[in-house]
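A short write-up of the structure that comes next.
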Amino acid sequence: MNKVEHIGIAVKSLKDSEIIFQDILGTESYKMESVTSENVNTLFFQLGETKIELLEATSEDSPIAKFIEKKGEGLHHIAFHVDDIQEKIEELKEKGYRMIHDVPKAGADDKIIAFMHPKSSNGVLVELCADKPKD
Ligand code: ZN
């Protein structure tokens, strides 16, 4: 791990929340991206080395829709940047931690990602995040 890559926040509406976070952060979002495999739309703000990722569900079975139904809008996950994501996954599994993804998958903003199971990390949903290899 070498930095907090981004903080994910679950919102009901990107459109409504964009204005709020523009006001708070004093900067405009730089990217809107749909992640169809997760049924979410994302909106990114850059804040120094870290980003804020707003997440909106695009369907009722989206993990974000389920999260908001259970807990309401709010902090959803913390993403840590790692250089070698597969190595980190193996290291954590060897130490007995549960992963949601054993193999990294495509995430938003040109990243490959893997989520840890929140039961393994004090209820915090941790995302490992690395740059997508250039081919
Ligand atoms: Zn994320």
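What to note about this one:
- With helices as the sole contributors, the chain gives -7000 deg cm²/dmol at 222 nm; each DSSP H run of n ≥ 4 counts as -39500 (n - 2.57), and the sum is divided by every residue.
- List Asp102, Asp110, Asp23, ordered by accessible area with a 1.4 Å probe, largest first: Asp23, Asp110, Asp102
- Cα-projected label distance for Asn122 with Lys71, points at 7 Å along beta-carbon direction, nm: 1.4
- Model label zone, Gln86; criterion: amide N under 19 Å from point 7 Å along Cα-to-beta-carbon; scope region 95-135: 95, 99-107, 111-116, 128-135
- Annotation for region 15-48 versus region 52-89: alpha-carbon center distance of 13 Å.
- For the chain, the solvent-accessible area works out to 58 Å² per residue, with a probe of 1.4 Å and every protein chain left in place.
- One chain, two ends: Phe44 and Met1. Fully extended at 0.36 nm per residue, the span grows by 13.4 nm beyond their Cα-Cα distance.
- A Förster radius of 25 Å, combined with the Cβ-Cβ distance separating Asp110 from Asp61, puts the computed FRET efficiency at roughly 0.45.
- Peptides ranked, highest mean first, by Cβ atoms within 10 Å: ranges 37-46, 83-92: 37-46, 83-92
- Around Ala57: net Lys/Arg minus Asp/Glu count, Cβ-Cβ under 15 Å: -4
- The chain, relative contact order [Cα under 8 Å, separation at least 6], %: 25
- Restricting attention to the chain, close to 75% of DSSP beta bridges with both partner residues there are antiparallel.
- Note on surface exposure: Val103, Val11, Val4 rank Val103, Val4, Val11 by accessible area, highest first, 1.4 Å probe.
- Debye-sum result for the chain in log10 I(q)/I(0), which assumes one identical scatterer on each alpha carbon, at q = 0.21 Å⁻¹: -1.36
- Overall, region 3-131 carries a charge dipole of about 480 debye about its Cα centre when +1 sits on the Cβ of Lys and Arg and -1 on the Cβ of Asp and Glu, all other atoms neutral.
- Residue-count net charge about Phe44 - beta-carbon cut-off 9 Å; Lys, Arg +1, Asp, Glu -1: -1
- Taking only protein heavy atoms and a 1.4 Å probe, the accessible area of the chain is 51% carbon and sulfur.
- Figure note: Val35, Val124 ranked by solvent-accessible area, largest first, 1.4 Å probe, ligands and nucleic acids not counted: Val124, Val35.
- Flagged links, alpha-carbon separation over 24 Å, of Lys3/Lys119; Lys95/Lys132; Lys88/Lys132; Lys51/Lys88: Lys95/Lys132
The values are calculated or read from the model by the stated rules, or taken from the named source; none is laboratory data. Worth saying up front: this structure is predicted, and the values here are computed from it rather than measured. Reconstructed Cβ throughout: ideal geometry from the backbone, glycine too, with neighbour counts over all protein chains shown. Accessible surface is based on the protein model in full, side chains and every heavy atom, while ligands, DNA and RNA are left aside. Shrake-Rupley method; radii C 1.70, N 1.55, O 1.52, S 1.80 Å.
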